[in-house]
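Asks: Shown below is the structure under consideration.
Read the figures in this text as sums done on the coordinates, not as results from a lab. Everything numeric in this text was worked out from a predicted model, so none of it was measured.
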Amino acid sequence: MANQMTVEIENLKCDGCENMFLKGLMSIAGVAGVIVDHAQKAVVLEADTKLRPQIVAKLLGMGYPEKGSVAGLDKGIVTAKSFVSCAIGRIS
């Protein structure tokens, strides 16, 4: 059963980021819809809440961790990943 869930994220910059979310998150079986809220720096999904760990892991892998979930060197690494993801999202 799909529910609406919101994941506040870090490193959201532009529509290139949004393109990456749409492709990456919609590839997860059970995700029925994705809306990127730039103003709130959040991703709103239609998906079973049991998928939340998989969704958060997918976002982290693309360089957009859940707000407050990374620090120190790890934060620098995911920030660098987000710039790459954003660039790819802009050209695809």
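Asks: Ignoring everything except DSSP H segments at least 4 long, calculate the 222 nm mean residue ellipticity for the chain; use -39,500 (n - 2.57) per segment, divide by total residues, nearest 500.
Replies: That comes out to -15000 deg cm²/dmol.
Asks: Then there's this: What Rg and what Dmax come out for the chain when only alpha-carbon atoms are used, in angstroms?
Replies: Cα radius of gyration and Dmax of the chain are 12.2, 38 Å respectively.
Asks: For the stretch 76-90, just list the computed ³J(HN,Hα) in residue order, Karplus coefficients 6.51, -1.76 and 1.60, θ = phi - 60°, integers in Hz, with x standing in for Gly and Pro.
Replies: x, 5, 5, 5, 4, 4, 5, 5, 5, 4, 4, 4, 4, x, 5
Asks: Taking a 18 Å limit on the Cα-Cα distance, which of the listed pairs 13/50; 41/67; 50/75; 23/58; 23/75; 13/41 fall beyond it?
Replies: Where the Cα-Cα span goes over 18 Å, the pairs concerned are 13/50; 50/75; 23/75.
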